[in-house]
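Here is the structure we will look at, set down as structure tokens.
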Amino acid sequence: MILLFAAALVPTAFLGYYFSVTAGEKLHAEKLTLAQSCVQFYDKDGREIENPSQIRESVPLSSLPPHVGNAFVAVEDKNFYRHNGFNYKRIAKAFLKNIATFSFREGASTISQQLIKNTHLSGEKTINRKLKEFKLTRILEKNYSKEEILELYLNTIYFGHDSFGIADAARFYFGKKAEELTPAESAMLAALVKSPNRYSPFKNTEKCLERRNFVLRLMREQNYITCDEQEEAENTPLPTAPSKQKKGNSYLSLVFDELTELFPDYEAGQLSGLRVYTYLDPTLQAELEKTEAESDATILVRDNRSDCVKAFHSTAGLLTRLPASTIKPLLVYAPALQENAISPATPILDEKTNFGGYSPSNYGGTFGGYMSARYALSHSVNVPAVKLLNTLGCSKAVSYLEKMNLHVEKDDYTLSLALGGMKEGFTLTSLADAYSTFAEGGTFARSSFISRVDNKKGKTIYQFRPIKTPVFSDDVCFLLNDMLQTAVREGTAKKLSSLPFSVCAKTGTGANANGNVDAYTIAYTTRDTVAVWLGNRDNSPITATGGGAPAAIALNALRTLYRNEQPEEFPACDGVVSVDIDREEYETNHRILRADPAAPLYTNLTELFRANAIPESVSARFSRPSIENPKISVINNAVCIELCHTKYYDYIVKRENGGKTATVYSGKYRQKIFDNSVKAGQSYTYTVIPVYQGVEGIPITLPSVFVKSNVNLPEEWWD
């Protein structure tokens, strides 16, 4: 009896609980359409951001090809036209699985339930929400036909990348109207519904392709398409990039992408009511949006200290492109400095070189001979960069890129990587993040567009906290920054040289057989990084080079940034010292020797070195003068001594004959010194002594010569 009473009591109690939870729930027809974005965005000052792309377009189901709706029915709810809003068999299976796992994660939603969840309820997985969903779905099924429900569903579903509704998705992914979608395209959009972020063709191509083809198989099994249509659709390639940049604020497009990365499994209903606070600087954003270019353009400004992006404008979206020469500081020069393989002064021979079949050339096809690493980087000379990568090894060099979240496939481990040669490339935000490492003393952090996210109840569910990764030491960053300031003063980025504060910059120009296709300038101060890319999404040629139009755009952005207050100068670094080196030894023999303490200042070069990598060898060219061996010969039976030309020295020439020593010359440099006081039939030995400011240097004794006969020399040969 007690068991019977309990059995009767449980359903009664459950019904009572159901009615109490759902008592106030009503179906609102106006919520079944998504006229505006369900997410609110705010700028850095907490002001709501107006976004023209929030206006959503709806299309009638009757205007769509049958395969559009059928694709969604096949994968999401194959019994859609036969049930009253619920698939009780699936509900039972999900219930048993939830009981077994002590969770409420497994769902069994029909299209009708998904429509209610996306438009009326939050995304929380609780029994109360499920009960409300049940009630509202029953009301929906009683008041709307299946065709009306499917139409409302297609126009409110979330497809990722800030695309809501079938019309918005068709335009974004395929550049066409929803009425023009093919079976392959319809299946791909239906594949996205389960998890728009995880199955995005632009993020996870293989997963997207696998799920699209799964949808096509279901469509065939349910007789929505033929075998031939299935085969044709499966052979259709996926889109590789958005077909059309969304109207409105391109900054918000990336905010939404970041939002879906933070909450990858959120559906439209879970996004509803979120308040997203960004780092957007509306004044700076407006200035970037005024940019005019002959090609597509992408410009961003990153705050180095806060690791946030405060302005972003693009006419092409955030594309992945080959980095060209912008990779050189990241892959080659900074790692080479860190490994003590070079200093800014290291001489590198720029010459035609064959690296096992790979023979890089420089812009313009010329070679410059010996040059410093500083000059090679600031003027973006190619061959020295390849030589340095060859010295470092690709694995060692790439290990530094990986720390900065720049991933390179193993197949790309070739020397052409030094010039940006790879299969995939990087986004401009990734490059800007990597360059900010130099401004921040060697510490890398990924940037964010989003500061925090609050739910509809005002509770903060996400707060940005950058993750810091040490990559380079501060002394290496100081040297690299100084080298890139040289690029601004006299190198490829000299368009920025008019700025009244310190700025580092690197340019890059990428080309294919048809001409230039990518042009970059990445510039940074102690506060901000400005990155500019020009090119065309279809890789058609452009006229720009990195040091031209992109540098001019970066210049304007930097002037706008610091219109009222200039950035601080780069701080001094205890780990870097200024060293005088011997100019003549460097320029003539391409060796780095610390300058002789006795040398006059004008004979030295000054360069920066890591304190732990100062040149060990010291020149003694002035404190202990030395010269190369002079040449000695007998001309018309007179002795001729030909001196090597060395500036600054006087010379003493002594002669030894028959045990007697005489000075035959003492004075300034002369190319040839003749001794015509010699006697026939005798041997003579000469010693040449360089002299600097009265200090005699290392004497050189020449081979003895024999004079055959006396001959009068012309007057012009006399000394």
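The values are calculated or read from the model by the stated rules, or taken from the named source; none is laboratory data. Nothing here was measured: the structure is a model prediction, and the numbers come from that model. Cβ: placed from backbone, ideal geometry, glycine included. Neighbour counts: every protein chain shown. Heads up: the accessible areas ignore ligands, DNA and RNA and are worked out on the full protein's heavy atoms, side chains in. Shrake-Rupley method; radii C 1.70, N 1.55, O 1.52, S 1.80 Å.
Computed quantities for the displayed model
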quantity: Kirkwood-based Rg to Rh ratio, the range 346-397, C-alpha trace; calculated: 0.95
quantity: Sorted peptide list for 497-509, 563-575, criterion being average Cβ within 10 angstrom, highest first; calculated: 497-509, 563-575
quantity: Hydrodynamic radius of the range 409-485 per Kirkwood, over alpha carbon pairs, in Å; calculated: 15.3 Å
quantity: Cβ-placed point charges (K, R +1; D, E -1), dipole of the range 639-683 about Cα centre in debye, nearest 20; calculated: 80 debye
quantity: Per residue solvent-accessible surface (Å²) - the chain, probe of 1.4 Å; calculated: 46 Å²
quantity: Cα centroid separation, the range 207-234 to the range 427-458 (Å); calculated: 40 Å
quantity: Evaluated at q = 0.08 Å⁻¹: base-10 log I(q)/I(0), Debye formula over Cα of the chain; calculated: -0.78
quantity: Total formal charge among the other residues, if their Cβ is under 14 angstrom from that of residue 562, Lys/Arg +1 and Asp/Glu -1; calculated: -3
quantity: Estimated dipole of the chain in Debye, rounded to 20 [Cβ of Lys and Arg +1, of Asp and Glu -1, Cα centre]; calculated: 1680 debye
quantity: Relative contact order of the chain, pairs being alpha-carbon contacts under 8 Å that are 6 or more residues apart, as %; calculated: 9 percent
quantity: Rg and Dmax [Cα atoms of the range 363-460; Å; Rg one decimal, Dmax integer]; calculated: 18.2, 67
quantity: Long-range Cα-Cα pairs in the range 308-433 (distance over 21 Å), rounded percent; calculated: 40 percent
quantity: Highest average packing first - 320-333, 661-674, 526-539, Cβ atoms within 10 Å; calculated: 320-333, 526-539, 661-674
quantity: Distance from the range 480-545 to the range 297-373 (C-alpha centre basis), Å; calculated: 10 Å
quantity: MRE, 222 nm, helices only [DSSP H, n ≥ 4, -39500 (n - 2.57), over the chain, to nearest 500]; calculated: -9500 deg cm²/dmol
quantity: Lysine pairs in the range 540-687 with Cα atoms under 24 Å, if 8 or more residues apart or on separate chains; calculated: 13
quantity: Burial ranking of peptide ranges 599-607, 432-440 (average Cβ count within 10 Å, highest at the top); calculated: 432-440, 599-607
quantity: Relative contact order of the range 154-235, defined on C-alpha pairs under 8 angstrom at six or more residues apart (%); calculated: 22 percent
quantity: Accessible surface of residue 540 - all protein chains present, 1.4 Å probe, nearest 10 Å²; calculated: 40 Å²
quantity: Environment charge of residue 412, counting only residues whose C-beta is closer than 14 Å and scoring Lys/Arg +1, Asp/Glu -1; calculated: -2
quantity: Candidate aspartates and glutamates - alpha carbon under 16 Å from residue 494, same-chain residues fewer than 8 apart omitted; calculated: 482
